[in-house]
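Encoded as structure tokens, the structure appears first; notes follow it.
Each reported figure results from applying straightforward, stated rules to the coordinates on display, with no laboratory input. Model, not experiment: these values are computed from the prediction. Here the Cβ positions follow ideal geometry from the backbone for every residue, glycine too, while neighbour counts run over all protein chains shown.
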Amino acid sequence: MLCKLRIAWVKVKNTLKIIHAADLHLDSPFQALGAEKAAVRRSEQRALLQCIAALVRERQADLLLLAGDLLDTGSVYAETARALCGVLGELDCPVLIAPGNHDYYCASSPWARLELPENVHVFNSGAVSCVSLTEMAVRVWGAAFTDTAAPPPLRGFSVPRQEGVLDIGLFHGEVGRPESPYAPISEQELLASGLHYVALGHIHAFGGLLRAGNTYYAWPGCTEGRGFDECGERGVLCVELDRSGACTAELVPLAQRKYEIVTLDVSAGALEERLPDSGGRDICRLVLHGESGGAPDIQHIAQIMSGRFFAFEIQNRTAVSRDIWEKAGEDTLRGLFLRRLRELYDGAQDEPERERITQAVRWGLAALDEGEAVNPL
Ligand SMILES: [Mn+2]
């Protein structure tokens, strides 16, 4: 009896450690990468589950919370189903999942069909329900998307207070946009909920640890970028929630590869030396701009980039500079045009006027090159 009591006492920790992840979007199509690399990316996504499990062990977390869109759609590859059951089942802490708009709970969803391990609980109702982890003195309140949209989950909700118990919320939803079809949650509702920490999903970039009254809340963002709208370091949150009311959240980078956009001015000197390098790891969009004496050798640049990035694309926005007055001596319409503009240029009073005339020359030459009549300027 004493022993039992002692175990129970040991488990009720003063500070609860939570690993909070969301929006893994496992089995995403990654169309832009082509079939082969897309398959590599999907297997790397699956490996995120292992990375998260390793982090749970390393940090000796008490709880793993997955706040929706764990899957990209309502169907999963067999490998993903195996990874989910295997990796999550090996953890010796509770795992709670609140399905989101991409992987909403329904009879045909993997959440209903898979035989999930005993330590995994999936919320399956749009109404808030509670999982009581009595040995930890913790309650987790959550709801699921049961369709692609969901009503406000916390409207009129407040926890029935229980002394000494930590109350945690787990929802896929949007804060501060009342008209959102994706389970909108207001700051007022968070404040009135009486929850100590609300683990959210849906927004794909980490927004910091936020607070409404005594309720802390956060969304970790997606764990792995999937396009150039999801650049930079990404990962999961390691949250420490103290029974005194204090809370901290640390974003732990876990993404296997980053997306990045690099913009280079070709007129700023040797381009080759300035090309980025990720040692073959990341996915890069290289944007070239500025004026140069000749068009950049895109093929050569692509060759260099292919050794330095997992995948890349190049956007060439450069312009070729030219000596605009070069043909002023010609006995042609072009020569006549240039001589007239040159007179104006030489007589110009200031730099803005010279700039205007230079622009007029460029337009005029472009029109002549295209064989169009020059409009009077
Ligand atoms: Mn999502």
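At-a-glance table
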read-out: Long-range HN-HN contacts of Ile261 with modeled amide H, under 5 Å; value: Arg285
read-out: Estimated D of the stretch 171-282 in µm² per second, where Rh is the Kirkwood radius over Cα pairs and Stokes-Einstein applies at 20 °C, 1.002 mPa s; value: 130 µm²/s
read-out: Tilt relative to the chain, helix 35-58 - C-alpha long axis, 0 to 90 degrees, to 10; value: 40 degrees
read-out: Shape box of the stretch 259-320 [Cα atoms, principal axes, largest first, Å]; value: 32, 18, 16
read-out: Cα radius of gyration and Dmax for the chain (Å); value: 29.2, 109
read-out: Table column - 3J(HN,Hα) (Hz), the stretch 250-260, Karplus curve with 6.51, -1.76, 1.60, x for Gly and Pro; value: 10, 7, 9, x, 10, 4, 6, 9, 9, 9, 9
read-out: Pairs of lysines in the chain (C-alpha under 29 Å apart; 8 or more residues apart or interchain); value: 4
read-out: Computed label-point distance, nm, for sites Glu326 and Asp265 using a 7 Å Cα→Cβ extension; value: 2.4 nm
read-out: Centre separation in Å (Cα based) which lies between the stretch 97-174 and the stretch 294-342; value: 58 Å
read-out: Simple spin-label estimate for His289 and Thr148 in nanometres, 7 Å along Cα-Cβ; value: 3.5 nm
read-out: Candidates Pro352, Pro181, Pro94: whichever shows maximal mean-square fluctuation once the chain is modelled as a Gaussian network with Cα springs under 10 Å; value: Pro352
read-out: The stretch 259-320: relative contact order in percent, alpha carbon pairs under 8 Å with at least 6 residues between; value: 42 percent
